[in-house]
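Everything on this sheet refers to the single structure shown next.
The values are calculated or read from the model by the stated rules, or taken from the named source; none is laboratory data. Remember, predicted model here, so these are calculated numbers, not experimental data. A quick note on method: Cβ atoms are made from the backbone with ideal geometry, for glycine too, and the neighbour counts reach across all protein chains shown.
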Amino acid sequence: MKSFALLSFAVVAVLSSHVLADTQVIHAGELLAVPGKSPLKEQTIIIVDGKISEIKKGFISANSIDKNATLIDLSKSFIMPGLMDMHVHLQGELGPKNDSEALKMSSQLMQMRSHMFAMRTLNAGFTTVRDVGSSSQEMYALRDAIDNGWLKGPNIIAAGGVGITGGHADVSGVSPELMEFHDESNKTVCDGPFDCRRAARHTIKYGANLIKITSTGGVLTDRATGTGQQMEMDELKEVVLAAKRMGAKVASHAHQEDGIIAALEAGVASIEHGTYAGEKSYKLFKKTGAYLVPTLLAGETVLQMAKNTDVLSESQKAKAIKVGTDMKGNFSKAYKAGVKIAFGTDSGVSKHGINAQEAVLMHKAGMPALDIIKSATINAADLIGKSKSLGSIEVGKIADIIATHGSPLSDIKELLDVDFVMKSGEIIKSK
């Protein structure tokens, strides 16, 4: 019995020292704990093992909480949950060398660059992202390496793509020989409902958290095929049903309203871009509960590229000027109509690490700062099914926390210069 008692005491001591060593105390000058609610002044956040343990009024001494606790003094800062970007492409960046780099770069080197882009995103205050278009196995590997603690980076919710032959998700703009080679190796390009069902199941089998479809054409498809509906209704329904059966959601790239309506009727969780949504689609958004992920930054980026550079082909330029010009005004209409908004940038079209520029564009389009922040926290967490662990600073949730010098509720541009980033209790950045 004596040996057992000594062993029990030793185990308790080890466990206690582990907890004590991992206790952090944040003095928060102004705390937006739950975006959508009013911020609070002078709060103390207690973090144990990377999760929020308590939130107390006033600045409580760290020693009074735990003699081994680490004090993080943000008493002169604005504190809020880590931001989330629901539409990124971490494997690349649009630019004059885009095509040549893709042909010359090994998949291994591309993976190294993807991690660099992921860290730029994390340092900008975005602790969770939804990657909705990358070489799948490479992105799943980066996601899993970060989840396992082997690499630092944002939480990645990784999509696998399903699209039709010749559609926006299919390769274009290169020689027929290269397109044919790509077609032979791509198991997720499909035609017809049953083939698209197979492709959806294949995508989830090999590691996708969600499926990304392209119900309409796109700006950067190097063909003059427009931005209207491309996937047929029976194909859309089969992808959504197959995903649902396997516990996954579907996000749909869509510009013109015909494709938006078809995707919403099929049951997608989100519409990406949604440039030409109108009254009929607004009603469907509200009926289904789907989110609009507006990506205004992508529209502005391709608009400026089309006007001022030769990066885009002539067919791409025509679509970029039209869509980029129309996007902000139509987003404003959707917001005013009561469509639920989740923050997304399409980074990879724009540069990684400037994700908060989307917030500035949303604000210029008429969305209040508090709703913008809610779209990048509460709404985004709901979209990815992580509301129990992410999206707010509340007891029991993961300590994904950022800080700015001033309040972004007063000046949304404060999000462009995040001073402090914590992910799962680990300090990533502190100015």
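Listed values, structure above:
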{"item": "1 or more residues acidic (Asp, Glu), within 16 Å of the chain's Cα centre (by Cα) and closer than 26 Å to residue 348 by Cβ: qualifying strands (runs of 3 or more DSSP E) within the stretch 242-298", "result": "270-273"}
{"item": "Checking residue 265 against (1) touching a helix residue (DSSP H, G or I) at 6+ places or on another chain (Cβ under 9 Å); (2) modelled with pLDDT under 95, the condition it does not meet", "result": "(2)"}
{"item": "Qualifying position, being under 17 Å from residue 276 (Cα atoms) and out of contact with any Gly (no Cβ under 6 Å at 6 or more places or on another chain), among 343, 331", "result": "331"}
{"item": "Qualifying residue in the stretch 310-328 (condition: within 19 Å of the chain's Cα centre (by Cα), surrounded by fewer than 21 Cβ atoms within 10 Å (Cβ to Cβ), of a type in the set (Gly, Ala, Ser) and in the same structural domain as residue 231 (by TED's automatic domain parsing))", "result": "no"}
{"item": "Lone qualifier among 375, 407 - being crowded, with 18+ Cβ neighbours inside 10 Å and either polar (S, T, N, Q) or not assigned by TED's automatic domain parsing to the domain that holds residue 40 (or both)", "result": "375"}
{"item": "Selected residue [assigned to a helix (DSSP H, G or I), over 22 Å from residue 94 (Cβ atoms) and at pLDDT below 70] from 195, 183, 234", "result": "183"}
{"item": "Boolean, residue 139 is over 30 Å from residue 39 (Cβ atoms) and over 19 Å from the mean Cα position of the chain (by Cα)", "result": "no"}
{"item": "Any chance residue 25 is at pLDDT 95 or above and hydrophobic (A, V, I, L, M, F, W, C)", "result": "yes"}
{"item": "Some residue of the stretch 105-114 being under 14 Å from the mean Cα position of the chain (by Cα) and under 28 Å from residue 313 (Cα atoms)", "result": "no"}
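Every residue, every condition in (1) touching a residue at least 40 places away in the same chain (Cβ under 8 Å); (2) buried (at least 21 other Cβ atoms within 10 Å of the Cβ); (3) more than 25 Å from residue 387 (Cβ to Cβ), yes or no:
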position: 52; (1), (2), (3): yes, yes, no
position: 60; (1), (2), (3): no, no, yes
position: 66; (1), (2), (3): yes, no, yes
position: 71; (1), (2), (3): yes, no, yes
position: 94; (1), (2), (3): yes, no, yes
position: 109; (1), (2), (3): no, no, yes
position: 112; (1), (2), (3): no, no, yes
position: 115; (1), (2), (3): no, no, yes
